[in-house]
Amino acid sequence: MQGNKTHNPDSTSSSRQISRPGQSPTQDTPSNPAPRVRFAPSPTGYFHVGSARTALFNWLYARRHQGTFILRIEDTDKERGKEEWTEGILSALDWLGLHYDEGPYHQSERTSLYNEALSKLWDAGFLYACNCTREEVLERTRNNQTPGYDGHCRDLGYSRSGHALRFKVPRSGLTAVTDVIRGNVDFPHQAMEDFVVAKSDGSPLFVLANVVDDIDMDITHVIRGEDLLPSTPKAILIWKALQGEDANLPVFAHLPMLVNEKRQKLSKRRDPVALESYRLKGYIPDAFCNYLALLGWSHPSGKEIMKIDEIISTFSLEDVNHSPAFFDVVKMTHINGEYIRSMSTADFIDVSSKWLEEAEAPWSRDRFDMSIYTRIAGLIQERVATLSEIIPMIDFFLLDMPIYDDNAVSVLDGNPEAIHLLETALERFSGCDWETDVLHEQTATIAAEYDLKLSKAQAPIRLAVTGKKVGPPLFESMSILGREKVLQRLQELLYRIKTN
Ligand code: GLU
Ligand code: ZN
């Protein structure tokens, strides 16, 4: 982008069709129709958290103003697009709960529309055919101040067929992008190249298909990532070429880019950005959407944890900030934990057991015992921030033998106090009643005999029973697990630390 960037705080009070919170949108009048927004991903890779944020903001805007949320798959790039990526988009939106009202439209099925537009632009003299190879352009423009194509073929009069088609950007003047979030951004034409709108095989490029569809679908608001801002002046030029100078342009809103903790733009290579990885880690879709909403937008009161209905009713593009938004996994995890704790136990059991059914876990699927899980879920719910944290907390219930933390075990190797304590526990637990309170009392008595704090005395018993140093409350866990298994595990740990 080469333009002088002039922020205009008043841009939103212009005649643009934006409804502000507290102001009821007058959708029934033709000058201010219900908004039609679209999420227009290109299926060229796995679904990214940035795409999820874009989809969410479009969806929120549509829901806030009783508008229409459209899904359009921009699959014109046949080499990079794959069916599986498209499926990934659909399943991601489904998981997030962002249901679309129209679509999915596939650009690959709309070629005739783009051809028509290309003919119209050609006939009206907005395009010319270019015969240059990439190498020739590079060779000629190496020392140019303005990067990009130099207009070489503009007046050479090549025929349309078999050539790439370029748009004649006016030699002077500028195109101003009015953006709800950024104010006015000017793009002087001298800094813009004559950009390609169709390849030599006749297939349309992104910027052309994108505008043709936005026009055809009556899109009123283009809400998308900041990375697309440089293509917006091109879009506006095409829009005006197709519709005339007084074209009914959409409202543009370019969402701030997402950055990591080093303030670097999120990158597929460097950062964990695949939405799927968050689903696999056990984030809750509602919590995830809540967090995504905060990437650029904030509630007027500053509050951060809120139900989706409240986000919808307060959401406004004017409250979106233009500075980069830090994608903070720690904060997101905290929010997820809050959501988990605020569920009813019944909901938690329902959501988490469904998640666990699909998860990769150390127990075999048929070992998952719903009656046991129902008894322990309440203990777990308080202690996890993501659903994947449940797995190491419950594996000892579902496996014959726990997965021992070898480091923790080796600390006890040959330790006479630990050995005596475990032997005493084995003896007492063999004869006592099998109830949480009794197990607690018995352990407290052992602690007193050894002159230890309860937590100290409990530690080797916990390690024996669960395999780990931390976990859900021990005595409840033991009472659920049953005497036979507990005794067997005490013997197992004794054996390990005596023989090692
Ligand atoms: N298909 C474009 C992309 O995924 C987005 C187009 C748009 O939102 O205007 O980058
Ligand atoms: Zn050329």
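The values are calculated or read from the model by the stated rules, or taken from the named source; none is laboratory data. What you are looking at is a predicted structure, and each value in this text was computed from that prediction instead of being measured. Cβ coordinates were reconstructed from backbone atoms using ideal geometry, including for glycine residues, and neighbour counts include every protein chain displayed.
What do you reckon, is A209 within 16 Å of ligand 2 (Cβ to nearest atom), under 18 Å from E74 (Cα atoms) and of a type in the set (A, V, I, L, M)?
It is false that A209 is within 16 Å of ligand 2 (Cβ to nearest atom), under 18 Å from E74 (Cα atoms) and of a type in the set (A, V, I, L, M).
Name the residue, out of Y61, Y100, that is in contact with a His (Cβ under 8 Å, 6 or more places away or on another chain) and within 16 Å of ligand 1 (Cβ to nearest atom).
On inspection, the qualifying residue turns out to be Y61.
I'd like the full set of residues that are hydroxyl-bearing (S, T, Y) and farther than 23 Å from Q442 by Cα, limited to segment 374-432.
T374, T386, S388, Y404, S410
Kindly list, by first and then second residue, each pair from a residue in segment 333-359 that is farther than 14 Å from V384 by Cβ to a residue that is of a type in the set (G, A, S), limited to pairs with Cβ atoms under 9 Å and residues at least 6 apart or on different chains.
Taking only residues 6 or more apart or on different chains, not a single pair turns up.
Looking only at segment 388-415, which residues are farther than 17 Å from R489 by Cβ, at pLDDT below 95 and buried (at least 16 other Cβ atoms within 10 Å of the Cβ)?
Matches in segment 388-415: none.
How many residues does segment 109-132 contain that are under 39 Å from the mean Cα position of the chain (by Cα) and loosely packed, with under 10 Cβ neighbours inside 10 Å?
Number of matching residues: 1.
Considering every residue within segment 476-489, establish whether at least one is touching a helix residue (DSSP H, G or I) at 6+ places or on another chain (Cβ under 7 Å) and within 13 Å of L412 (Cβ to Cβ).
No; the residues of segment 476-489 include none that is touching a helix residue (DSSP H, G or I) at 6+ places or on another chain (Cβ under 7 Å) and within 13 Å of L412 (Cβ to Cβ).
Looking for something within 14 Å of ligand 2 (Cβ to nearest atom) and either in contact with a Pro (Cβ under 6 Å, 6 or more places away or on another chain) or at pLDDT 95 or above (or both) - is there at least one such residue anywhere in segment 107-124?
no
Can you tell which of S323, S277 is surrounded by fewer than 16 Cβ atoms within 10 Å (Cβ to Cβ) and either free of Cβ contacts under 8 Å to residues at least 40 places away in the same chain or not polar (S, T, N, Q) (or both)?
Every option except S277 fails the conditions.
I'm told A209 meets every condition in (1) within 16 Å of ligand 1 (Cβ to nearest atom); (2) small (G, A, S); (3) out of contact with any Leu (no Cβ under 9 Å at 6 or more places or on another chain) except one. Can you identify the failing condition by its number?
(3)
Within segment 56-98, restricting attention to residues that are surrounded by 15 or more Cβ atoms within 10 Å (Cβ to Cβ) and of a type in the set (G, A, S), which residue is nearest to V222 (Cα to Cα)?
Among those residues, the one meeting the criterion is A62.
Being assigned to a helix (DSSP H, G or I), surrounded by 15 or more Cβ atoms within 10 Å (Cβ to Cβ) and out of contact with any Ser or Thr (no Cβ under 7 Å at 6 or more places or on another chain) narrows it down to one residue among I335, I305; which is it?
So the residue among I335, I305 that is assigned to a helix (DSSP H, G or I), surrounded by 15 or more Cβ atoms within 10 Å (Cβ to Cβ) and out of contact with any Ser or Thr (no Cβ under 7 Å at 6 or more places or on another chain) is I335.
Answer with yes or no whether Y149 is aromatic (F, W, Y), under 39 Å from the mean Cα position of the chain (by Cα) and closer than 24 Å to N115 by Cβ.
Taking the combined requirement at face value, the residue satisfies it.
Kindly indicate the residue of segment 133-174 that is within 19 Å of D201 (Cα to Cα) and in contact with a helix residue (DSSP H, G or I) (Cβ under 8 Å, 6 or more places away or on another chain) and also nearest to ligand 2 (Cβ to nearest atom) among those meeting that condition.
Taking the candidates together, the pick is L165.
Hey, can you tell me all the residues within segment 94-146 that are closer than 30 Å to I308 by Cβ and of a type in the set (F, W, Y)?
W95, Y100, Y105
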